[in-house]
1. Averaged across B:157-166, how many Cβ atoms of other chains sit within 10 Å of each residue's Cβ atom?
2. Could you sort the peptides A:78-84, B:81-87 by per-residue average Cβ neighbour count (10 Å cutoff), highest mean leading?
3. Count the net charge of all other residues whose Cβ sits under 13 Å from the Cβ of A:Gly124, scoring Lys and Arg as +1 and Asp and Glu as -1.
4. In what sequence, highest mean first, do A:312-319, A:296-303, A:275-282 appear when ranked by Cβ atoms within 10 angstrom?
5. Grab the DSSP H runs of chain B that are 4 residues or longer, score each as -39,500 (n - 2.57), total them, divide by all residues and round the 222 nm result to the nearest 500 deg cm²/dmol.
6. What is the set of long-range amide H partners of A:Met90 at a cut-off below 5 Å, with H atoms built 1.01 Å from backbone N?
7. Using a 10 Å cut-off on Cβ to Cβ distances, tally the other chain neighbours for every residue of A:283-291 and report the average as a whole number.
8. Tell me the accessible surface of B:Met71 in square angstrom (1.4 angstrom probe, heavy atoms of protein chains only), to the nearest ten.
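The values are calculated or read from the model by the stated rules, or taken from the named source; none is laboratory data. Quick caveat: nothing in here was measured; it's all calculated off a predicted structure. In this analysis, Cβ positions are derived from the backbone assuming ideal geometry, glycine residues included, and neighbour counts consider all displayed protein chains. Side chains included, ligands, DNA and RNA excluded: accessible areas come from the protein's heavy atoms. Shrake-Rupley method; radii C 1.70, N 1.55, O 1.52, S 1.80 Å.
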Amino acid sequence: MAEEAANVIRFLLKKMLKAAVLLAGVSILAFALVSLSPIDPVRANTGTTAYLRMSPEKRAQMDSYWGKELPAAERYLNWAADFVRGDMGMSQKYNRPVAEVISEKAGNSLALMGTAWVCSGILGFILGAVAGCFRDRRPDKVIRGGALLLAATPSFWLALLLIMVFSVWLRWLPFGMNIPIGVSHSEVGIADRIAHLILPALTLSLTKTADITLHTRQKMLDIMESDYVLFARARGERGSRIVRRHALRNILLPAITLQFSSVSRIFGGSVLVEQVFSYPGLGQAAVDAGLGSDVSLLLAITVFSALLVFTGNLIADLLYGIADPQIRRGRSHG
Amino acid sequence: MADRKRKYGRAVFADDPGDQRKRTVFPVPAVLLFAAVVVAGMLLRESAMETDFVRKNLPPCAGHLFGTDRMGRDMLARTLAGLSYSILLGLLSSAVSAGIALFLAFLSSLGKAADAAVTWLTDLMMGVPHMILLVLISCAMGKGFAGVAAGVALTHWPGLCRLLRAEILQQTESLWAGIARKLGKSRWYIARTHFLPHLLPQLLVGLTLQFPHAVLHEAGITFLGFGLPPDEPAIGIILSESMAYLSTGKWWLALFPGLALMLTVVFFERMGNALRAAVNPSEVHLVK
């Protein structure tokens, strides 16, 4: 037992080291990409008219403030050293420290992504399991057809459709923004916040449910064709009992793992959905930063999102590490 | 019991060649349809930009099947033009992505260090949410059409690359590759004559299945405002423009263009799956 625990810890440390190296890689890649940008940060952040009116001395001063004459590698190291210490720079777009912007937006985003993540996980699991049990019969056909169609639907278009139905036609739910217009932040009740969360969360859940459903269905099919299910049938076990005792237990772990490793996709989806609903989260901030060439904010969001993805993958690995006896006993996995 | 009988029945009759051929033939009408859309879209590009304030904000009618927008532009022409742009960009980017995937997969077969590097790069690309990556690349290229094209073309290889790498790994272990090595054939010779023929079907299927992703990402990033200038017809731009008119009940501005995009994606996905069934029959016939 002690040896097994040691193996799990060793496995985890290895994975964490790998994640840290990858994270450094992501930051270098992101930094290289924004440095390639032909858009002059000085000009973008002062405005073209102000830039043209500036004296050459002032321009040189601004250039050195932005570190334009330093080589890219040195600029990266300066940025990374500050970043690790928690100084993420100033956001030009919001005119506040990046760390502050991120912590505010991250709360909104995590509420949205968390809700969609849980809903789509549960719904996708149930639908996928049902479809897998009823292979090629009506429930399977309906669920599979729906999931395939939903997987092909652009998430932002789905959001527009939902707005048309629920906000414009039926007038049940508000349009966008996470608080009503003209109300200060402190007066907003929890009910209002939830009302503004429903449609974005629904859109994000629906697009992700399709994915989970199709995966779970495939796993369910594999298991229903397995030898142990055949043997259970031969012993005289029937329908629901087989599903309960043999199938569900075996698809639960892959489903949970898939759920944790799908963080990247839900983050990507939230960028589009937040934009449609003008929901003030990280995705919208990333778009603002990208359009407005707000370099420090864009870099910070990239690193944050990668961190989120790696945490998800790490948890998925951890779950496998605990549940899979091969890893527990120190053999490498796959 | 009846259920099981049907399942075994299916497994046997899946060998029916008629069935298989039908699956493969399916793409032909679809391909013709989409070729027609691409050509029509290119021809309609001019009329898609044409404004006529006499006929503005018309709901769908006989003269304008998809209605018109606030500047009297015909939405059918705009949708077709946007769709043709999406399809062409999608094809280009799946081809480029397939090329990158193939190149990196071969690179990884050259040695341990190369393999580690390729795997690391794949993990790196998969670690950043796709939309964020597209925003970054678009920034690097200074936005506009080039940014979207580069972003979509350069980011769709990791999944396919993993697949091809695994396939090559398997091929390296094969008997014939071993014999060829013993006969003193060069790596390049083995890769070309022994690996490539095995990879081509996978590559073709991967390319087709990559297309829907590419199209959806292109529409998404354009929707966010990183792509073409706002008066050009592209599905993403049309949809983002329609947002301002939703509250006044102009549903046709958003419904039809989005529907057209969705149908395109569905068609290509089915085509990819049919192709997979055709080149990889064992997977279809297996009772899974």
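1. Average per residue, whole number: 0.
2. Result, highest mean first: B:81-87, A:78-84.
3. +4
4. A:296-303, A:275-282, A:312-319
5. Helix contribution divided over all residues of chain B: -23500 deg cm²/dmol.
6. A:Val98
7. Per-residue shielding by partner chains comes out at 5.
8. Surface accessible to solvent at B:Met71 totals approximately 50 Å².
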